[in-house]
Structure formats: structure tokens, C-alpha cells
Amino acid sequence: MNPYDFIPLGRPSSRLPPPGHHVLAARGGTIRARLTTLGPFLVAQQTGMQNTIMPLRQGKIIPGSSLKGMLRSMAEMVGGGCISLSGSLYPRGRYDYPAEEPHGFAPCDDIERLCVTCRMFGALIRGAAWKGLVEPGEAQWSGSGTPRTRSFDVIVGQPKPSHGAFYARNREIRGRKAYYHHPDNIMVSASAQQATYGARQTIQVRALEPGQVYDFNVRHAGLDQGAYALLLYALFLEEGLGHKLGWGKPMGFGSVKIEPVAIEEIDLRARYRRGGEQATVKHEGAAAAAHVDEQTKELRDDKGEVMAEMRRMFGVPGPEGKWAYPAYSWFKENPRATLEEFNQTATAQAPPRR
């Protein structure tokens with residue numbers, strides 16, 4: 001079974017001016033969260049050894065930039081943000097794809113007219129910058145010593161969005177690419193791929209073993225009610241769903257679960273009024289989880305196409321199957337076969353699971 005599929009685009013968000021950091025925001029706060037890895041996990045750095053990838057700083061930290069990218073990508077899917085993270089669709093700002101351009105989803109091109117995710121996470125447009133309203137901090141490993149790792153030999157390659165049979169349908173793009181969870185069934189590349197490409201595409205990876213725990217904070221200021229709910233959903237999702245983070249998502253790496261530890265809400269303007277000592281409200285433990293459920297209820301109750309596909313793609317565990325990309329020979333013999341047709345073929349040929 002192919003390790004990726006697509007989340008429909010849905011409805012594009014409105015494009016509005018950012019609030020401006022010169023204006024005192026009404027709402028702010030800090031969210032404390034805990035991340036647990038569900039399978040092999042790797043935020044990578046290249047080592048001095050050729051074709052070897054190791055965990056960044058021995059796996060003791062996850063950069064805030066990695067967390068921010070994960071949250072932004074999830075918020076784009078749920079909130080209808082612009083396709084800012086898919087550079088393959090808009091190389092050098094121009095649309096280049098084997099399908100019609102999706103109306104309303106082009107990358108924001110005016111700093112005074114930003115989609116919801118550019119307002120939340122920031123934008124850089126022709127030298128004009130907007131910092132954004134959300135700042136994830138560095139995640140710190142909670143263990144002692146050094147996280148345990150395992151070695152994997154994997155075959156790597158690049159996405160091929162020009163293959164319209166997989167990435168487009170009826171002259172429309174299928175949506176935003178996402179990867180299934182299969183942390184207990186790491187993808188083994190087809191033998192035909194090894195025979196065709198050989199060792200030049202094979203690299204050795206040292207990934208962290210499952211069960212690593214990290215703590216991190218997310219600060220925010222200036223979010224309206226809708227954006228605050230979107231942030232909480234993008235951060236914690238809902239029961240039975242998990243995030244994908246870091247390197248090796250197609251192979252089954254990067255499945256993680258994030259849970260709330262404590263949430264601090266601050267009425268930033270109340271600080272300057274009499275009684276300002278009551279401007280902060282704290283939710284901890286079960287109360288933090290209840291606050292998340294309350295704030296994200298509308299999104300969790302949404303049964304539309306986008307949210308239905310989100311639940312299908314990010315469900316943990318993912319669907320059963322033998323995970324593999326099509327071999328080069330299969331593409332040569334089936335240049336117009338769709339993603340569904342490949343999955344049907346792969347399912348029919350896969351041995352039964354025991």
C-alpha cells in the first residue's frame with residue numbers, strides 16, 4: 001500500500017490584515033505540552049560519514065522550528081490556509097502542476113492580506129515580514145543519559161508531483177499530501193527498487209526507539225477565538241489521532257502523540273486595569289484537557305469531507321497493509337494507473353498478516 005494519500009483542500013480561509021504587533025492584544029497565554037514518540041523517530045542531522053544520518057544533538061531536543069512547521073501544516077489542512085508549504089506547486093511563486101490551479105489557495109502575496117495560517121505563524125513576502133502570533137519553544141527530552149537508538153538501512157528519493165496520475169484527479173489536485181501511521185510496520189522498499197537503484201540511494205539511519213517523551217511550551221498572543229481553537233486542535237488533534245513529525249514519515253517514522261499538561265490564559269489588557277492580578281487563568285492536568293475539548297468542540301464535531309479525511313489519514317494505528325512505493329518497473333508498465341489502482345494491486349499481492 002502506498003504510504004501517502006491526500007487531504008481535500010476544502011474551503012479557503014479569508015485573507016485579512018494581520019493585527020499588528022504595535023496593538024496590545026486582548027488574548028495571550030502559554031500552552032505546556034508533552035510529546036511521546038509512538039515509533040522510530042528522527043529529527044536529523046547529516047554526519048561527517050557519507051550516507052549516514054543521525055539524531056540532532058543525540059535526540060535530546062526537538063527544535064521549535066520543527067514543531068512550528070508541523071503545527072502550521074496541520075492548521076493549513078484544517079483551516080484552509082494557503083499552500084505555502086508545498087513549494088513543488090509554486091516554484092519561484094509560479095504555479096507548475098499537472099492540474100488546474102486551485103482557486104483561493106495560492107501562497108499569500110500581500111502582507112496586508114494573509115490567510116489564517118500566515119496570520120498565525122508568520123509570512124515573508126517580497127521583503128515584507130510578519131512575525132506571526134504563535135511561538136513554539138524547543139522540546140526537551142525528559143529522560144536521563146541519552147535516548148536509545150536503532151539502525152535502519154533505507155532507500156531514499158524525492159517526491160514526484162509531476163506524476164499526475166497519483167497527484168491529480170479530473171484535472172484537479174487531490175489535496176495536501178499526508179502520510180499514514182504505521183510505526184510498527186516500517187516500510188521495506190521493493191526489491192526491484194534495490195536492483196534498479198542499488199546502494200547509491202541506500203543510506204543508514206539511526207533513529208530513536210519508541211517511547212521517548214519531550215516537554216515543550218507554545219506561547220501565543222493576539223489570536224481571535226477561531227484561531228485559538230485552530231491552534232489547540234492543530235496541537236492536540238482528537239482521540240485516536242496522532243501527528244507525523246521529523247524525518248522518514250513515508251517509512252513509518254515520526255508518529256507522535258501530543259497531550260496538554262497545563263494551559264495558561266492571559267487577559268493581556270486586564271493587566272492594566274484595577275484587579276489585574278486576576279488576569280491569568282490556569283488549567284492543569286484534566287482541566288487542561290477539558291479546556292481543549294471545550295474550545296475545539298466545533299472542529300471535533302465537524303463531519304465534513306476535510307475532517308473525515310483527516311481522521312482517516314491520521315488515525316493511530318493506520319490501516320493494515322504491506323507498505324511500499326511502486327517499483328520503477330511498475331511505473332514504466334503502468335504510467336497512467338491511479339493511486340487507487342496501485343493500492344488495489346498491492347493489497348491483492350500482499351501476503352496475509354499473522
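Quick rundown of the values:
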| item | result |
| --- | --- |
| Matching entry among Glu298, Glu265, Glu294 (being assigned to a helix (DSSP H, G or I), open to solvent by 20 Å² or more (accessible area, probe 1.4 Å), among the charged types (D, E, K, R) and touching a residue at least 40 places away in the same chain (Cβ under 8 Å)) | Glu298 |
| Test for Gly132: is it outside any strand (DSSP E or B), over 30 Å from Gly39 (Cβ atoms) and either in contact with a His (Cβ under 8 Å, 6 or more places away or on another chain) or modelled with pLDDT of 90 or more (or both) | yes |
| Search result, residues across the range 71-83 that are of a type in the set (A, V, I, L, M, F, W, C) and over 15 Å from Asn217 (Cβ atoms) | Met74, Ala75, Met77, Val78, Cys82, Ile83 |
| Number of the exception - Ala229 against (1) under 19 Å from the mean Cα position of the chain (by Cα); (2) assigned to a strand (DSSP E or B) | (2) |
| Test result for Phe331, in contact with a strand residue (DSSP E or B) (Cβ under 6 Å, 6 or more places away or on another chain) and within 17 Å of Asn2 (Cα to Cα) | no |
| Subset tally (residues that are of a type in the set (Asp, Glu), in a strand (DSSP E or B) and either at pLDDT 85 or above or touching a helix residue (DSSP H, G or I) at 6+ places or on another chain (Cβ under 6 Å) (or both)) for the range 142-200 | 1 |
| The range 24-45 - residue that is hydrophobic (A, V, I, L, M, F, W, C) and at pLDDT below 90 and, of those, nearest to Gly318 (Cα to Cα) | Ala44 |
| Looking only at the range 13-22, and only at residues there that are under 21 Å from Phe105 (Cα atoms) and open to solvent by less than 50 Å² (accessible area, probe 1.4 Å), the one that is farthest from the chain's Cα centre (by Cα) | Pro18 |
| Condition met for Arg126 (of a type in the set (Lys, Arg), over 16 Å from Leu16 (Cβ atoms) and touching a helix residue (DSSP H, G or I) at 6+ places or on another chain (Cβ under 7 Å)) | no |
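The values are calculated or read from the model by the stated rules, or taken from the named source; none is laboratory data. Just so we're clear, the structure is a prediction, and the values are computed from it rather than from any experiment. In this analysis, Cβ positions are derived from the backbone assuming ideal geometry, glycine residues included, and neighbour counts consider all displayed protein chains. To get the accessible areas, we keep the full protein, side chains included, count just its heavy atoms, and leave off ligands, DNA and RNA. Shrake-Rupley method; radii C 1.70, N 1.55, O 1.52, S 1.80 Å.
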